[in-house]
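The numbers here are math on the coordinates, done by the rules we state, and not lab data. If you're wondering where the values come from, they're calculated on a predicted model, not measured in any experiment. With ideal geometry, Cβ positions are generated from the backbone for all residues, glycine too; neighbour counts draw on all protein chains shown.
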Amino acid sequence: MAPQLRFPWHASPPPGSRTLGRFSRARATAAAPRMATAAVRIPQQSIQLPIKGLAKGPQIFIHEGARQALERRLELAFGGPVQLGVTDNRRRMVTQTRSQGRLRVRLHMMFLGAEERVKNALVAYVVHADREGSQVVGEFIEQNLHRIRASRKAPGQLRSAGQVHDLDAILQNVNQRYFAGTVSDVLITWGRKTRPRDGKRTSIKLGSYSATERLIRIHPVLDQRWVPRYFVQYIVYHELLHHLVPEARVSGRILLHPPEFQRRERDFLKLSRALTWEQKHIDRLLRAR
């Protein structure tokens, strides 16, 4: 049996368990689950299929291609059959058991979209109990605490289908194009229509992201025919980056858009076009109802 590693995310297995190792959150919270406990596999093209018999509430949609690719990497390193399950757990991030030559692994969905360095470390830790790998995996979890199940249920009913723009379709398109369909733990909705007290806006927030709800809200002023789809895509992409890249503290200041965020925002293919459109139409957006 591989040696047990000691680090902040490691929890000792219960007596008699054949679990070799597990990563866990250091502190558990008592909030009710935001997402359903079942993981729903979907085809590689990220088509969401209706599944009967699951718990009520938002479901977890797993990109099957990404799951299979990681499972295959584990099989190559292990030299035998591997069964990989993806979870939305709040406490145990990585667990594994070995029985009759088969390796069973359960890990949090955040790992599906991790960079290659993290995936290599994950495989090394799971298969070989690699100490350096455990350190990299622990640091990755620490950096992605904001992606561990929302702690507060989103108030009200979510509404993604607009009169002009379908936010679910846009989110899926952005997710597939820029993140290979691996971001499956965020919700999206149109926000509520609001009017300024004096009848005239001087500023407008076109999008927002709530980490406690894991929810993107898009201002309904964008649900109009004169607002191009690529601009709504940019706003969704920007807010999705807030889900993936947390704020950073630099020299005592909290940066909502740290250097990593700004670097990844430049990957949006129509960034210049979107910013130019926004600047040209900001007055119309402020006047719109």
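Residues whose amide H lies under 5 Å from that of Gln83, counting only those 5 or more places away or on a different chain, are Leu103, Arg104, Val105; hydrogens are built 1.01 Å from N in the peptide plane. With both residues required to sit in the range 167-287, DSSP beta bridges show an antiparallel share near 65%.
Candidate cross-link partners of Lys193 among the aspartates and glutamates, defined by an alpha-carbon separation under 12 Å and a same-chain spacing of 8 or more, comprise Asp223. In order along the range 265-276, the phi-based Karplus estimate (6.51 cos²θ - 1.76 cosθ + 1.60, θ = phi - 60°) of 3J(HN,Hα) comes to 5, 5, 6, 5, 5, 10, 4, 4, 5, 5, 5, 5 Hz; Gly and Pro are listed as x. With neighbours defined as other Cβ atoms within 10 Å of a residue's Cβ, the residues Thr194, Thr97 order from fewest to most as Thr194, Thr97. Here Lys119 is the anchor, and the aspartates and glutamates within straight C-alpha reach of less than 14 Å, apart from those fewer than 8 places off in the same chain, are Glu71, Glu75, Asp130, Glu132, Glu139.
Ranked by Cβ crowding within 10 angstrom, fewest neighbours first, how are Glu278, Glu71 ordered?
The fewest-first ordering by Cβ neighbours comes to Glu278, Glu71.
Projecting the alpha carbon convex hull of the range 167-287 along each direction and taking the average yields 8.6 nm².
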